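Below you'll find the structure, written out as C-alpha cells, and then a few comments.
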Amino acid sequence: MRGYEISNYITLCREITRLLSVYKLPNSKLSGVLTLTVSMPPLALFSFIFYALSFTHVSRYASTATAAEDCILRNSFQPGFVAEGDFIIGGIFPLHYNQEMPDQNYTYTPPPVKCNGFDPRAFRWVQTMRLAVEEINESTELLPNHTLGYKIFDSCAYPLTGQRAALAVLNGLSEADSPMCSGASPMLAVIGESGSAQSIVVSRLLRPFRIPMISYFSSCACFTDRRKYPTFFRVIPNDDYQVKAIAQLLLHFNWTWVGLIRGDHEYGRFAVQGLLRELQGSSVCVAYQEMIPLLYNTQRALEIMQVMRRSLAKVVVVFSAEGEMTPFLRDYMKQNITGIQWVASEAWVTASVFTGREFYPYLGGTIGFGIRKGHIAQLGDYLQTVSPQRYPDNVLVGELWEALYGCSPFPSSANHFPVCSGQEDLLKQHSAYMNTSSPRVAYNVYKAVYAVAHSLHNLLLCQSGNGPFENDSCAQSNNILPWQLQYYLQEVKFNMAGEEVNFDLKGDSVPYYDIINWQRGTTGSIEFVNVGLFDGTKPGGEELVIQEERMMWAGHQSEVPVSVCSPSCPPGSRKAVRRGEPVCCFDCVPCDSGKISNQTNSVECIFCPEDWWSNQDRTSCIPKKVEFLAYDALGIPLTVISVVGASLTVGVFVVFFHHRSTAVVRVNNSELSFFILFALTLCFLCSLVFIGEPTVWSCMLRHTAFSITFSLCISCILGKTLVVLAAFTATRPGDNIMKWLGPKQQRAIIFSCTLVQVVICAAWLIDAPPYPSRNTKYERSKIILECSVGSSLAFWCVLGYIGLQACLCFVLAFLARKLPGNFNEAKYITFSMLIFSAVWLAFVPAYLSAPGNYAGAVESFAILASSFGLLFCLFAPKCYIILLKPEKNTKQHLMGKEKR
Ligand code: TRP
C-alpha cells in the first residue's frame, strides 16, 4: 500500500472504532468485524460498516434518546465556525490546499494529518456561507420564526481529510451534544465539498443517512449517476458542458494539436475522458496526456515539462486546481519555458493564488471557462468584519492574517511569523480574500445555502393532509428527517438576482460559463478579464460567444497563438496522413492535374467536371483549352506552303501554256501535262481544308477532296507512263498500241481511274462520313477538335487505292526508265513515284501516332510534300530546259538524235 493509503486505512479504522463504540457495539464484536473486513479496500470497507450502522442510526430517530454519558469521542476535531440554530447545516470547505502526512510507525497513535497552505479564497467562501445564514436568520420572509445554524469544517482539499471533515460534521462537537448519541437536532444538509474527489467521499459517507449535500464547486461528470450519489446536488454545471465548451474553443481558434495535463483526481480523470470523447472525430488531436502526481514530485513534473518543451503543441489544457498547480507552476517558472498558451479549467481559471506579478510572463494570456458570477451585496462589508479581535480563539482567522499580512496576531511557539496587533485594515488589495467584485464560487455557496433555506421554508409551509409523503403527510417541524428535506430540495425553485435556481433530476444546475482571459492589470499583476461566454442552453453552434479583439495571448501577444502538428495545406493541395501518426499530423500533397481543392486543409482533391480542367495552381477548374489546327505557328506555314505550291503550279502552267508550241511541251503530251498541273493545283489547295476548326463540311471535304485530286493526278501520271511505255515499246511504227492510246482513250483511262476513287468516296460519305469530334483522350487537359474518319475501312481504302495507283505507275515507269532519248520522262516519273511512295509510307506511321490536331497537320504536310515531289520531279527539268536552255528545246535534242 502506498503511504497515503496506509494512513487512509488507519484513519478509517480509527473512525470505525469510534463509530462502533458510539453505536455501542461490544469490543469483542468489533474485533470480529475488523478482521472480517480487513481485506476490503478502504472505501468498500467503510461503506460496509456504514450500511451495517445506518439501520441503527435511522431507527435512532424513531426511538427515544439514549444516555449521552455513554458517548465517548475518541478524537476531537474542532469546526472552523459554529452557530447554533433550530436547523443545523454542515459546511465543508478546503481552507488549506496542502497536507502533510503524519509519521506512522505504529508505536503510537498517529497524529492527525496536518494541513498547510491556508487558502484565503476558501475562507471567503466560508464567510459567504455565514453571511447567507445570517441573512436568512434576519429575514422575515424566509424561515420566519426559525433559525439556521451551521458547523463548518476544513477539508484540507484532500479526500482523506475531507472524510474526516464529513465525519466531524456528522458527529456532535462533544459527547454532550453528539447527535449520534442524543436526540438533538440532526444535521439536515451539508454544503460541500469543493473538489469532486472529496465530494465523492463525503457523499458516500452521507448516503446511508440520506443527508442531502449541495456542492458549490464539484463539477465532475461522475456525479450524474443518481444511483451512486442519490443525495448529491450541486450549483455548478456538470463538466460535460465545460469539456464541450473547451472543445469548441479549441476548434474556434484552430488549435488542432494540444497537450492535456490533469491532476490525479476524479475531476481530472473524468474531465480528460470527457474532452477526449468530445474531440473524437473532430479535427483536434491530443499531442500528449500527462498527470501531475497526487503526492507532488519534482522529478515527475520535470518530465512533464520536458514533454511540453519538446512538443509542437503550444496550447495546453489543464484540469487541475491550486493544490497541485502551485508547486507545478513554481517548477515551471524555474524551467523558464515560454510560449505555452494555457487553457485553464474552471477550477483554477479564477484562482487568486496565481495573480502575482511574477506569474504574468508565464501565465499571462491564459484562457478558460469560469463559472457564472453573481452579486452578493453585503459580502464586501461582511468580510471586513472578520478580525482577530472578534475571533480571538479562531486559528483560521490567525492564519488569514498570516497569509495576508505575513504576521501573526496570536503569537505561539509553532509559527515563525512576527507578531502584529491584528488591527490591520482589510483592504481591497488583499484580493485573495477581499476580491468581491465578481464572486463565482462564493456566489455558488450563497446559492446553495439559500437553496437549503428555501427548501426548508417550503417544507415548513406544508399543510398536513396535503403533504408529499406517505398518506399525504408532512414532515414534523420539530423532527425533520434529512430525506424529507431532500424531497423539497429536488423540487425547489427560486429566484436570485434575476437568475432562476433549481436542480434537475440528476441534481445538476444550468450550464453557463464566462470566458476568462488573464491580462496584465495596471499594477502589473494578473487580472481576470471577461471576454465572452458559453451558454449551454442555447442551440448547438450558438453557445460560444468570444470577443476576440479584447483577448490577450500568452507572451503578451495580440495574435492568436498557433498550435498545430502540421501547418495547414493551402488550396491546391490535400492532406496526406502520415502512417502511424494522428490525423492532425500530415503532409500536403499537391492535387493531380485535373483535380482541384479550393479550401485550406482539404482532405481530398475533387475532379473537375467534364470539359473542365484544373488551373496551374489546382485551385479552380477552368474550361479545357480547345485545340485544332488553326492559323497559328503550324497553320500559317502550312497555308503559305500550300499557296506557294499552288502558285508555283499555276506558274508552271503559264510557262507551259506560253511555250506550248515548243518541243518539250509537245513531246511530253501537253494535254496530260495540263491535266496533271491542274490536279496538282487542286492537291496543293486541298491541304488548306485541313486547317481551321473542323466542321461537318470541312471534315467531309478533307479526305474526299484530297483523295480524288490525288487519284486524278496519279491517274494522269499513269496515263502518261502508259503512253511513254507504249510509244517506245511499239516495235513497229504505226503499231496498234498507239491507236489504242489516243487522246480519247487517255481521257477515258484517267476518268475511269478517278471514277473508282469517286465511287469509294461517295460510298464513304453516304455510309459513314467523317465528322468533327472532340478528342479528350489524347491530352486530358485539352479538347482537341478533329475529324473522325467515320469509317476507317473507307479511309484506308482511299489511301490504298492511291497507293495502288502509285505502285502501278512506279512499276510501269520503272520498266520504261531505260528507254532511249535525252529527255527521259519515265525516269522522272519513276523518281517522282519513289518520292511519292516514300512520303506516303512515312505518312502512315506518323499519322497513326500523331496526336489529334497534329494528325491533320501530318496529313496536310504529306499532301504538300508529295505534291511538291511530283511538281518538281515532273516539271522542274522541263521548265529548266524551256526557260534556261531554250537551245536544247528541240525535237532532235530531246530524241537524242542531234549531231554533236
Ligand atoms: N470543479 C473542480 C472539481 O470538481 C474544482 C476543484 C476544487 C478541484 N478543488 C479541487 C479540482 C481540487 C481538483 C482538485 O473538483
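Structure data summary
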{"quantity": "Enumerated strands (runs of 3 or more DSSP E) restricted to segment 48-125, each holding at least 3 residues that are modelled with pLDDT of 50 or more and open to solvent by 20 Å² or more (accessible area, probe 1.4 Å)", "calculated": "96-100, 114-118"}
{"quantity": "Tally of residues being within 18 Å of ILE340 (Cα to Cα) and in contact (Cβ under 8 Å) with a residue 40 or more places away in the chain across segment 545-568", "calculated": "13"}
{"quantity": "Failed condition for SER345, given (1) modelled with pLDDT of 90 or more; (2) away from the ligand (no atom under 12 Å from the Cβ)", "calculated": "(2)"}
{"quantity": "Residue list for segment 517-544, restricted to those being farther than 30 Å from GLU358 by Cα, touching a residue at least 24 places away in the same chain (Cβ under 8 Å) and small (Gly, Ala, Ser)", "calculated": "GLY536"}
{"quantity": "Test: residue in segment 831-843 that is assigned by TED's automatic domain parsing to the domain that holds LYS720, at pLDDT below 80 and out of contact with any Asp or Glu (no Cβ under 7 Å at 6 or more places or on another chain)", "calculated": "no"}
{"quantity": "Residues that are within 11 Å of the ligand (Cβ to nearest atom) and open to solvent by 10 Å² or more (accessible area, probe 1.4 Å), drawn from segment 300-327", "calculated": "ALA321, GLU322, GLY323, GLU324"}
{"quantity": "Selection count where residues are farther than 23 Å from TRP257 by Cβ and either within 16 Å of the ligand (Cβ to nearest atom) or of a type outside the set (S, T, N, Q) (or both), scope segment 348-366", "calculated": "11"}
{"quantity": "Complete set of residues in segment 142-186 that are in a loop (DSSP other than H, G, I, E, B), open to solvent by 20 Å² or more (accessible area, probe 1.4 Å), at pLDDT 90 or above and under 28 Å from PRO120 (Cα atoms)", "calculated": "THR147"}
{"quantity": "Flag if GLU358 is open to solvent by less than 40 Å² (accessible area, probe 1.4 Å), more than 29 Å from TYR450 (Cα to Cα) and part of a helix (DSSP H, G or I)", "calculated": "no"}
{"quantity": "Flag for ALA197 being more than 13 Å from the ligand (Cβ to nearest atom) and in a helix (DSSP H, G or I)", "calculated": "no"}
{"quantity": "Residue in segment 713-727 that is surrounded by fewer than 18 Cβ atoms within 10 Å (Cβ to Cβ) and at pLDDT 85 or above present", "calculated": "no"}
{"quantity": "Residue that is surrounded by the most Cβ atoms within 10 Å (Cβ to Cβ), among those in segment 190-235 that are closer than 22 Å to ALA453 by Cβ and among the basic types (Lys, Arg)", "calculated": "ARG234"}
{"quantity": "Selection from segment 495-528 of residues that are open to solvent by 30 Å² or more (accessible area, probe 1.4 Å) and assigned to a strand (DSSP E or B)", "calculated": "ASN495, GLU500, ASN502, TYR512, GLN519, ARG520, GLU527, PHE528"}
{"quantity": "Helices (runs of 4 or more DSSP H) enclosed by segment 588-707 - at least 1 residues per element that are among the acidic types (Asp, Glu)", "calculated": "670-686"}
{"quantity": "Residues satisfying the stated conditions in segment 253-292, i.e. more than 16 Å from the ligand (Cβ to nearest atom), in a strand (DSSP E or B), surrounded by 22 or more Cβ atoms within 10 Å (Cβ to Cβ) and not hydrophobic (A, V, I, L, M, F, W, C)", "calculated": "GLY259"}
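The values are calculated or read from the model by the stated rules, or taken from the named source; none is laboratory data. Values in this document were obtained by computation on a predicted structure and should not be read as measured data. For neighbour counting, all protein chains shown are included, and Cβ atoms are generated from backbone atoms with ideal geometry for every residue, glycine included. Only protein heavy atoms, including side chains, enter the accessible area calculation; ligands, DNA and RNA are left aside. Shrake-Rupley method; radii C 1.70, N 1.55, O 1.52, S 1.80 Å.
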